[in-house]
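Here's the structure, in C-alpha cells; my notes come after.
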Amino acid sequence: MTLESTPDSVVSETAIVPGDEWWRSAVIYQIYPRSFADSTGDGVGDLPGITKRLPALAQLGVDAIWLSPFFRSPQKDAGYDVSDYTDVDPLFGTLDDFDRLLETAHSLGLRVIADMVPNHTSDQHRWFQEALAAPEGSPERDRYMFRDGKGPNGDLPPNNWESVFGGSMWDRVINPDGTPGQWYLHIFDKSQPDLNWENPWVREQFFDVLRFWLDRGVDGFRVDVAHGMIKKAGLPDYTPPAEGASMGGTGTASADEDDSAHSITDADTVLAPVIGDPEPAPEPPYWGQEGVHDIWRGWHEVLAEYPGDRVLCAEAWVDPLEKVALWVRPDEMSQAFNFAYMFTDWKASALKRVITESIDAFGGVGAPATWVLSNHDVVRHASRLALTADSPQGAGIGPLSPGKPDPVVGLRRARAATSLMLALPGSAYLYQGEELGLPEDMELPDDARQDPTWFRTNGEKYGRDGCRVPIPWESDKPAYGFNASGKSWLPQPKDWAPFARDAQEGVPGSTLTLYTDALRLRREHSLGTGDLSWVSGYGKKVVAFRNRDVLVLANLGKVAVELPVGDILLSSEDITGGALPTDTTVWIQL
Ligand code: NOJ
C-alpha cells in the first residue's frame, strides 16, 4: 500500500502558536526497530525496513513515530546501552539510511521522535573505557558514579541498592594492574554504567548530542529514565517495598465490581487508588530527585533554539501523577508518559479516577494529558487486560506462568480500551503491533530469551521479550513478511497469520480497521484538542463521557447496558439490538 504525499501532509516548520503545538493532541506510534521490518534478512529489523513500511503508518493515521534506540550499541539491552550517540548501529543501517527515513516520514506528514538514553551509556562507550583506564579521582572517572567499596578491603558494594534488572546495582572494576578497584553504579545491567549528571562535562556532551540529531531534523526526543539521572546525596541505603516499583506495576485486570447499576455522581470518580499503596512508599533515592529538573530546563532551551515545534517526552516512573506533572512544567519537557493510566485495572471506577487525575495533574501545569496502553517494557494490553491476580504483569509471562490470560477476553478488552483511549483529549501513544491486536507471546522458549531481566534473575522473571517479537505483515510469507529470509531474532508464534496486516486490511471488524477508523474519527472530530465532561446515568460499570460532539460509552460490567438513540460512529464490537455488551466501547454522534 502506498500513500502519495500531498502538500498538506508535509510536516511544516512554520511559526508556533504557544499552546497549539502539534504534540498536544498527537497520536505517536512507537517503532521498536529490531522487530518492525527487516530489509536485509538477518532477522533483526532495520531503518530501511522501517522506511519501506512508513506508508502503512501514514495510512493508519498516526501523527508521529517514536523510534526506540538505533544508535551504536553492543545490544546488551536491545540498544538501551549506547556506545556512540551520534551514529547508527550497523545492525540497523547507516546515518544515510536515517536521513532517508526522516525525509520519507516528513514527506508523508509523520514527525519523527528519537529515543535518547542519557542516564547511562554502554560500558563499551569511549567515555567509560577512558574512565576505566584513568586513575581513581580523575576527571574521566567523575563522568560516572564510581565509589569505594565498603568493608576492610572495599570488597562490599557501596550501598544496598538493587538493579531494576535484578542483582546489585554495583559492580567492581579491575584496575589496569590487575588489583580490584572501585565500584561503579548501574541502575540497569552491569553493561549500562550510570553517568554522573552532577558533572557539567556530562551535561555539555549531551547538548552536543541533542544538536546533532536536531540539526538532522528530528522532531524531538523520548527521554529514557528521565526520573533517574540524579541520585540522592550520600547514596543512602534503600530497601524497596516487596514488589519492584520501577519497571511496571503489579496491577491486574478484573471486572469484579458490583453489577448493580446506579447513577453516576462526582463521587464515582474518587474511589480506590489506581496504582501504588494508599500509604506511598518512601521515594527511592535514585528516582525523582529534585535535581533532575534543572537538566530538563537545559534541554528545553536547546530545543527552543530550533525552528518548528520539537517535543521532549519523559519516561518518568514516579507516583503520583502530580509528581509526574513536575516534568512537564512550561520550561521543562513537553509531555510525560502516563504509566498510572497504563497500569489501571480494567474497572470503570479506577479508569474514571485516573482519567480525572491525569487531566487535572497535567492540565494544572499547562501540559497535555497523555495516554498509553502498551510499550516495549510491559505485557501487551491484549493479554494484560485479561490477567488474573495470579500473574503480575511487571515480570512478563512465559510458558510456566500461572493464570495465563484468556486471549478472547484480552483482545475484546484491548479493543474497548483503545477505543476509549483514542477518544480522550490529549496525546496518545501506540506500540507497534497493537493495531493488529497482537497478544503477548507467552510461549517463547527459554533459550530464545534475550532480556537481561531473565538472566539477572536466573529465570525467576521472564522479562519483556514476549512483547518484542517481530510483527506480522503478510500472512503467507516467511516470517510473516517481517523479512524475506524467514529469520527472526525472537521466534514468531506459529499461529500469527490471522494477525498479519494484509489479513486485516480493509476487513470490516478487524482490529486494524478499528484503529484506522478510530484515528480518522478522532481527527475529524478534533478529539485530541477537545475537553472531557463526564456523563451520568449509565451505571457505575460504564465509563461515559462527552468530548466535543461525541458521546463515548465503555461498558466494563458483566451485563449489557441500554444504548441511547443516536448514530454510532465507532464500535469496538458488533452491536445488535440497541444494547452495549460487556467489554465494548462505542462513540455516538451527539
Ligand atoms: C527504559 C526502557 O524503556 C527500557 O527498555 C530499558 O531497558 C531501560 N529504560 C534502561 O535503559
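Results, tabulated for the structure shown:
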item	result
Subset of the range 300-324 (residues that are part of a helix (DSSP H, G or I) and crowded, with 23+ Cβ neighbours inside 10 Å)	Leu321, Val324
Criterion (of a type in the set (A, V, I, L, M, F, W, C), out of contact with any Leu (no Cβ under 7 Å at 6 or more places or on another chain) and at pLDDT 60 or above) met by exactly one of Ala58, Ala15, Ala37	Ala37
Residue count, the range 452-505 (criterion: basic (Lys, Arg) and either open to solvent by less than 30 Å² (accessible area, probe 1.4 Å) or under 17 Å from Arg34 (Cβ atoms) (or both))	4
Answer from Ser358, Ser374, Ser349 - the residue that is in a helix (DSSP H, G or I), touching a Phe, Trp or Tyr at 6+ places or on another chain (Cβ under 7 Å) and among the small types (Gly, Ala, Ser)	Ser358
Among (1) over 18 Å from Glu204 (Cα atoms); (2) at pLDDT 95 or above - the single one Val318 does not satisfy	(2)
Test: Ala131 is open to solvent by less than 10 Å² (accessible area, probe 1.4 Å) and in the same structural domain as Leu312 (by TED's automatic domain parsing)	no
Unique match (being touching a Pro at 6+ places or on another chain (Cβ under 9 Å), more than 16 Å from the ligand (Cβ to nearest atom) and not charged (D, E, K, R)) among Trp170, Trp197	Trp170
Residue list for the range 414-456, filter: within 14 Å of the ligand (Cβ to nearest atom) and among the β-branched types (Val, Ile, Thr)	Thr453
Of residues in the range 222-251 being at pLDDT below 95, closer than 28 Å to Trp66 by Cβ and hydrophobic (A, V, I, L, M, F, W, C), the one farthest from the ligand (Cβ to nearest atom)	Ala245
In the range 54-77, the residues that are within 14 Å of the ligand (Cβ to nearest atom) and buried (at least 22 other Cβ atoms within 10 Å of the Cβ)	Trp66, Leu67, Ser68, Pro69, Phe70, Phe71, Ser73, Asp77
Some residue of the range 176-188 being of a type in the set (Gly, Ala, Ser), within 16 Å of the ligand (Cβ to nearest atom) and modelled with pLDDT of 95 or more	no
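Each row is one residue, and each column tells you yes or no for (1) within 16 Å of the ligand (Cβ to nearest atom); (2) out of contact with any Cys (no Cβ under 8 Å at 6 or more places or on another chain); (3) of a type outside the set (Phe, Trp, Tyr).
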{"site": "Tyr80", "(1), (2), (3)": "yes, yes, no"}
{"site": "Asp89", "(1), (2), (3)": "yes, yes, yes"}
{"site": "Thr94", "(1), (2), (3)": "no, yes, yes"}
{"site": "Asp99", "(1), (2), (3)": "no, yes, yes"}
{"site": "Val117", "(1), (2), (3)": "yes, yes, yes"}
{"site": "Ala133", "(1), (2), (3)": "no, yes, yes"}
{"site": "Ser138", "(1), (2), (3)": "no, yes, yes"}
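The values are calculated or read from the model by the stated rules, or taken from the named source; none is laboratory data. What you are looking at is a predicted structure, and each value in this text was computed from that prediction instead of being measured. Every residue, glycine among them, receives a Cβ derived from its backbone with ideal geometry; neighbour counts consider all protein chains shown. The accessibility values were calculated without ligands, DNA or RNA, using every heavy atom of the protein model including side chains. Shrake-Rupley method; radii C 1.70, N 1.55, O 1.52, S 1.80 Å.
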